[in-house]
1. Can you pull out every residue in region 1-46 that is touching a strand residue (DSSP E or B) at 6+ places or on another chain (Cβ under 9 Å), of a type in the set (Lys, Arg) and farther than 21 Å from residue 72 by Cβ?
2. Of all the helices (runs of 4 or more DSSP H) wholly in region 173-221, which have at least 3 residues that are open to solvent by less than 10 Å² (accessible area, probe 1.4 Å) and either in contact (Cβ under 8 Å) with a residue 12 or more places away in the chain or closer than 19 Å to residue 121 by Cβ (or both)?
3. Pick from 366, 333, 370: which is under 23 Å from the mean Cα position of the chain (by Cα), within 25 Å of residue 131 (Cα to Cα), of a type in the set (Phe, Trp, Tyr) and surrounded by 15 or more Cβ atoms within 10 Å (Cβ to Cβ)?
4. Considering region 114-127 alone, what residues qualify as being under 11 Å from residue 88 (Cα atoms), touching a helix residue (DSSP H, G or I) at 6+ places or on another chain (Cβ under 8 Å) and either modelled with pLDDT under 95 or not polar (S, T, N, Q) (or both)?
5. From the residues in region 278-309 that are at pLDDT below 90 and polar (S, T, N, Q), which one is nearest to residue 213 (Cα to Cα)?
6. If I filter region 113-122 for residues that are hydrophobic (A, V, I, L, M, F, W, C), over 24 Å from residue 201 (Cα atoms) and within 19 Å of the chain's Cα centre (by Cα), do I get at least one hit?
7. With respect to residue 305, is the statement that it is in contact with a strand residue (DSSP E or B) (Cβ under 7 Å, 6 or more places away or on another chain) and open to solvent by less than 30 Å² (accessible area, probe 1.4 Å) true?
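The values are calculated or read from the model by the stated rules, or taken from the named source; none is laboratory data. No experiment lies behind these values; they were computed from the predicted model shown. Every residue, glycine as well, gets a Cβ built from its backbone with ideal geometry; the counts of neighbours run over all protein chains shown. Areas reflect the complete protein model, heavy atoms only, side chains present, ligands, DNA and RNA absent. Shrake-Rupley method; radii C 1.70, N 1.55, O 1.52, S 1.80 Å.
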Amino acid sequence: MKKRITILGSTGSIGTQTLEVLEKIKNKESFEIQGLACNSNLQKFIPQIEKFKPKRVCVFSNEAYKSLKEKYDKLEILYGEEGLIQIAADDTDILLTATTGNIALKPTLKAIENKIDIALANKETLVMAGDIVKAKAKANNVKILPVDSEHSAILQSSNGDFHFIKNILITASGGPFLNKTKEEIYLSRADEALKHPNWNMGRKITIDSATLMNKGLEVIEAHHLFDIPYDNIKVVIHPESIVHSAVEMIDGSVIAQLGNPSMHIPIQYALTYPKRTEGIETGSFSFFDKTLTFKTPDTDKFPCLKMAFEAGKKGGVYPAVLNAANECAVYKFLKGEIKLKGIIENVEKALSKARQIENPTLEEIFCADFEARKIVSGF
């Protein structure tokens with residue numbers, strides 16, 4: 001039987017690379033694109049529809065929805081949040097969430113209720129509501145398979161068994177500002193922050209990598225994915241991005257997953273887990289004539305990482321507030337409204353005004369998210 005796949009965010013960086021994987025993967029006839037969803041980028045979306053022939057599609061933009069309805073009279077076309085929930089939960093075996101923002105949370109929960117496995121590339125799902133998502137996944141016997149290279153590396157290094165693990169080690173490239181001074185970082189512009197040295201990613205996640213907020217969000221994700229206490233999660237600066245992450249065992253040995261920087265491998269591993277197969281050629285990493293370096297992160301220069309650890313340990317709505325405030329501030333930064341320092345200041349402000357709620361409901365999490373965005377937006 002073919003494995004049916006639905007992709008939320010098919011026109012973004014992870015979504016397009018997932019489709020590349022499915023084109024090149026060995027035994028590609030074993031996979032079938034059941035559904036594709038995007039916001040509004042029809043220039044990319046229509047060629048995907050033509051090539052992969054999904055059973056149904058969804059767009060978030062009303063204008064894009066009308067355009068597709070005029071072009072395709074037999075294709076099932078869904079629209080908006082309700083459409084996203086429907087396409088995520090209907091007639092599919094694995095849902096790959098490659099959107100950014102909180103829009104993926106409700107569709108993911110609905111898919112889990114329908115016993116659909118999740119290939120998770122959307123950080124907000126576990127950052128905002130990790131306890132709720134993991135409890136629902138456990139109740140429905142659903143696998144949550146990480147697509148992030150770091151979390152995939154941890155899964156691969158541990159072989160899925162965390163009984164003998166003491167610490168997990170999450171590597172970070174350090175981004176474009178690793179060797180800059182604090183003053184240079186804080187006054188930087190978006191065009192400078194978007195020059196990531198190793199990875200080709202979307203604009204928002206690239207800015208998060210420049211501030212190390214991305215690594216902080218990954219720490220919160222890892223806590224939920226692998227049930228690891230925050231004190232046993234270590235972040236290591238590794239500029240070469242060859243060691244994608246590692247696990248330290250209780251006997252002191254360390255097992256790591258290495259490879260050239262490429263998202264194709266973690267995407268493919270999530271789709272074929274627990275098996276491996278041939279796919280896109282990413283090139284073998286050579287150990288010869290290479291130097292790998294590892295450093296302690298400087299949380300004075302990159303306070304977002306420290307804030308993420310603190311928010312994660314507090315739990316409740318604090319991770320959702322951290323995420324929402326950061327997202328809103330990043331988009332202000334990308335529009336040139338604030339300097340990079342403004343991202344840090346806005347997140348600090350939102351966290352300082354947050355009110356803790358123990359074991360928050362999904363509604364309370366979204367309310368906290370909304371209030372954080374109001375604070376950053378100035379409404």
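1. Listed by number, the residues that qualify are 2, 3.
2. Numbers: elements: 182-186, 190-193, 203-211.
In region 173-221, 203-211 are the helices (runs of 4 or more DSSP H) which contain 3 or more residues that are open to solvent by less than 10 Å² (accessible area, probe 1.4 Å) and either in contact (Cβ under 8 Å) with a residue 12 or more places away in the chain or closer than 19 Å to residue 121 by Cβ (or both).
3. On the way: 333 fails: within 25 Å of residue 131 (Cα to Cα); 370 fails: surrounded by 15 or more Cβ atoms within 10 Å (Cβ to Cβ).
The match here is 366.
4. Scanning region 114-127 gives 116, 118.
5. 282
6. yes
7. yes
Residue-by-condition table, conditions (1) closer than 21 Å to residue 168 by Cβ; (2) touching a Phe, Trp or Tyr at 6+ places or on another chain (Cβ under 9 Å); (3) among the small types (Gly, Ala, Ser):
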{"position": "223", "(1), (2), (3)": "yes, yes, no"}
{"position": "244", "(1), (2), (3)": "yes, no, no"}
{"position": "247", "(1), (2), (3)": "yes, yes, no"}
{"position": "250", "(1), (2), (3)": "yes, yes, no"}
{"position": "259", "(1), (2), (3)": "yes, yes, yes"}
{"position": "263", "(1), (2), (3)": "yes, yes, no"}
{"position": "268", "(1), (2), (3)": "no, no, no"}
{"position": "278", "(1), (2), (3)": "no, no, no"}
{"position": "288", "(1), (2), (3)": "no, no, no"}
